[in-house]
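Student: Pasting a structure below so you can have a look.
The values are calculated or read from the model by the stated rules, or taken from the named source; none is laboratory data. In this text the structure is predicted, and so the values were computed from the model without any measurement. Counting neighbours? That spans all protein chains shown, and the Cβs are built from the backbone with ideal geometry, glycine included.
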């Protein structure tokens, strides 16, 4: 706007699991709430859908990493097709010996709404994101990745994060 960057969006389509990962979505503080972020996110979604179509299928989902205290996450979590996952999620560090960053991971279905994800499906997605999205050849060499995987060991399904429960059409949390 007037020669200034006011927002940006990045992401990666991970074809092996047919999901897209939003890498970064940011707006200048002066224009937040004006719909630019929504438009950028929709453009990114359209690009992901084109990538999936090139492989001959519709995009399955969009995932994103968000800080737990980000107000946008609460708004996003109210959308019917968004599932904020009950999982201690970590973004890999930029350097091998640095600590990974804790985030909340959300899954936005591009098909029917999902109340939970099967553990095996989520494992495949996480592995693909770290390997293909973050370009880490050996995710299991990273302590944070192994920690995420261990939390899934005894689970069949991964449902909504307790701080972001899904609501039924009547407005109550599902039983």
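Student: For region 9-35, enumerate the residues that are exposed (fewer than 13 other Cβ atoms within 10 Å of the Cβ) and part of a strand (DSSP E or B).
Tutor: Hits for region 9-35 are 10, 24.
Student: Next up: Would you pick out the residues in region 75-92 that are exposed (fewer than 14 other Cβ atoms within 10 Å of the Cβ) and touching a strand residue (DSSP E or B) at 6+ places or on another chain (Cβ under 8 Å)?
Tutor: Listed by number, the list holds a single entry, 79.
Student: Now, a different point. Here are some conditions: (1) surrounded by 13 or more Cβ atoms within 10 Å (Cβ to Cβ); (2) at pLDDT below 95; (3) touching a helix residue (DSSP H, G or I) at 6+ places or on another chain (Cβ under 9 Å); (4) over 24 Å from residue 24 (Cβ atoms). Residue 167 meets all but one. Which one does it not meet?
Tutor: For residue 167, the exception is condition (3).
Student: If I go through region 127-145 residue by residue, how many of them are surrounded by fewer than 17 Cβ atoms within 10 Å (Cβ to Cβ) and in contact with a strand residue (DSSP E or B) (Cβ under 6 Å, 6 or more places away or on another chain)?
Tutor: The total comes to 1.
Student: So residue 124 ticks every box in (1) surrounded by fewer than 16 Cβ atoms within 10 Å (Cβ to Cβ); (2) at pLDDT 90 or above; (3) over 15 Å from the mean Cα position of the chain (by Cα) but one. Which box is left unticked?
Tutor: Looking at each condition in turn, residue 124 falls short on (3).
Student: For region 36-138, please list each of the strands (runs of 3 or more DSSP E) lying entirely inside it that holds at least 1 residues being without any contact (Cβ under 8 Å) to a residue 24 or more places away in the chain.
Tutor: Values: elements: 61-66, 82-84, 89-91, 101-109.
Here the list reads 101-109.
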